[in-house]
């Protein structure tokens, strides 16, 4: 069963606007990661946040983690057309911490 | 740069055929994974391996098997391909540990006719 569930399923915005995607998960985690997938390609790692961290930044990306609510959000500021892609959260759900479990993803469309 | 290479970008096979999907990584990663991706369902874990000759079932192992004879190579085998196995297959690898990112191959789009 999938651990993470992203919300919304699809998001359309204009260039320059901010995009926020949310992820909820079910069980305790070691860390939570966000990945990006361009159409028909493999996934690329964006950012990892540990379970004892609350917020992390990387360039135009800001990730928050609320372990009490079992949720995370990914904020992309000042979106560009090149940010158009699908975004997935992933958690390591099993005890060994070796298998990443992905959600269904949010499809972001940024128009110029 | 880490490289995860899947043997085929596109593959068309007939129902009942035995299909091999190969994945090779060049970073000496202990962990390797096979996922399938379908519209509206996201990525679902088929199998993963944390060491040579070791394997663990994921969420949807039925109809699949895997082989890891060498650390750098992880093969996914469809014993008897069926049309419901038409999908995008993604291989990934990572270092062992609880705070490591996964590196993905470019994906194999398999069509079973």
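The values are calculated or read from the model by the stated rules, or taken from the named source; none is laboratory data. Just so you know, these numbers come straight off a predicted model, no measurement behind them. Every residue, glycine among them, receives a Cβ derived from its backbone with ideal geometry; neighbour counts consider all protein chains shown.
Highlighted here are the strands (runs of 3 or more DSSP E) found entirely within the range A:10-59 that include at least 1 residues which are farther than 23 Å from residue A:104 by Cβ, within 11 Å of another protein chain (Cβ to nearest Cβ) and modelled with pLDDT under 95: A:43-50.
Which ones in the range B:59-84 are under 12 Å from the mean Cα position of the chain (by Cα) and assigned to a strand (DSSP E or B)? Correct list: B:64, B:65, B:66, B:67, B:68, B:73, B:74, B:75, B:76, B:77, B:78.
Taking the range A:38-54 as the range and being within 13 Å of the chain's Cα centre (by Cα) and farther than 14 Å from residue A:82 by Cβ as the test, the residues that pass are A:43, A:45, A:47, A:48, A:49. When each of B:12, B:52 is tested for being modelled with pLDDT under 95, away from chain A (no Cβ under 14 Å) and out of contact with any helix residue (DSSP H, G or I) (no Cβ under 9 Å at 6 or more places or on another chain), the lone residue that passes is B:52. Taking the range B:74-101 as the range and being surrounded by fewer than 17 Cβ atoms within 10 Å (Cβ to Cβ) and over 25 Å from residue B:16 (Cα atoms) as the test, the residues that pass are B:95, B:96, B:97, B:98, B:99.
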